[in-house]
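See below for the structure under consideration.
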Amino acid sequence: MSRKLMGFNANQLVRLVATLALVGMVWYFVSNNGDMSIPSQGRIRESTNVVSSDEKKSVDSKMKHIEDNTIMPLMEDQEAKVELGRASWKYFHTLLARFPDKPTKAEREKLSTFVQLYAELYPCGECSYHFVKLLDKYPPQTSSRTAAALWGCHVHNIVNDYLKKPEYDCSTILEDYDCGCGDGPVDGGKVTVEKEGRQHG
Ligand SMILES: Cc1cc2nc3c(=O)[nH]c(=O)nc-3n(C[C@H](O)[C@H](O)[C@H](O)COP(=O)(O)OP(=O)(O)OC[C@H]3O[C@@H](n4cnc5c(N)ncnc54)[C@H](O)[C@@H]3O)c2cc1C
């Protein structure tokens, strides 16, 4: 015996409910462009994309500014940047540790000019950009080997800080970069904090 509700029997009611559910699903699917995620998730994803695209624009415009103000191209390969950095610092500190202890005026000028060009022509554009700015603030110290080596250690520490790397202890910089190049240990000996204080005021 079939029971009736609002003029429909049970079978008709089941078919009606199923049809309404199907129409509802199709409408929802079409109105979400085929995305079946729940609306709130869609909104969160959208707003996250907006933030990250703003951030990307700001990074892109910073990099564009750097690119426009450097001779060298940007270096996207991080591994290459790290490898180049290690080799370059080694060269840089070794050079400073072998600079004359009592340089002539001409030698001092040569070192200043060299460091400026070294920065401007450093093969990683963004590193070059930052290093040139750093030199404006901390010009090379050329009065002696010790002054030059300590200055080099100091600017490397500023780059370390910028890259969130630990600070290096500069007190033994001349010993650390004594290349053992067959011409005896570098004279000038151990650089003490006391000496460093005198040199940097
Ligand atoms: C001029 C210059 C500018 C750079 N600018 C950037 C930049 O803007 N962005 C970027 O991503 N990378 C930059 N780099 C590369 C970066 O500094 C590192 O070389 C790279 O990240 C590898 O780091 P590392 O931890 O192996 O040690 P590095 O910093 O390469 O140091 C090599 C070794 O030198 C010794 N050392 C560490 N600190 C000092 C110090 N203060 N004095 C003496 N010796 C020290 C340690 O034994 C260390 O293992 C730059 C490199 C140079 C030479």
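Points to keep in mind about this one:
- Of the listed requirements (1) of a type in the set (S, T, N, Q); (2) out of contact with any Phe, Trp or Tyr (no Cβ under 8 Å at 6 or more places or on another chain); (3) more than 12 Å from the ligand (Cβ to nearest atom), Gln141 misses just one: (2).
- Tally of residues being among the charged types (D, E, K, R), more than 10 Å from the ligand (Cβ to nearest atom) and exposed (fewer than 12 other Cβ atoms within 10 Å of the Cβ) across the range 165-186: 1
- Residues that are away from the ligand (no atom under 16 Å from the Cβ) and either more than 17 Å from Cys181 (Cβ to Cβ) or buried (at least 17 other Cβ atoms within 10 Å of the Cβ) (or both) within the range 82-108 comprise Lys102, Pro103, Thr104, Lys105, Ala106, Glu107, Arg108, listed in sequence order.
- For the range 78-167, the helices (runs of 4 or more DSSP H) that sit wholly inside it and include 1 or more residues that are over 30 Å from Lys64 (Cα atoms) are 78-97, 105-120, 145-162.
- Residue pairs whose Cβ atoms lie under 6 Å apart, separated by 6 or more positions or on different chains, with the first residue in the range 137-149 and buried (at least 21 other Cβ atoms within 10 Å of the Cβ) and the second in a loop (DSSP other than H, G, I, E, B) and among the charged types (D, E, K, R), are Arg145/Asp101.
- Flag for Ser112 being within 16 Å of the ligand (Cβ to nearest atom), more than 23 Å from Gly180 (Cβ to Cβ) and touching a Phe, Trp or Tyr at 6+ places or on another chain (Cβ under 6 Å): no
- So Tyr129, is it near the ligand (Cβ under 10 Å from one of its atoms), buried (at least 17 other Cβ atoms within 10 Å of the Cβ) and farther than 19 Å from Tyr91 by Cα: yes
- For the range 58-88, residues that are under 22 Å from Gln116 (Cα atoms) and hydroxyl-bearing (Ser, Thr, Tyr) total 2.
Read the figures in this text as sums done on the coordinates, not as results from a lab. Given the structure is predicted, the values throughout are model-derived calculations rather than measurements. All Cβ positions, even for glycine, are placed from backbone atoms using ideal geometry, and neighbour counts span all protein chains on display.
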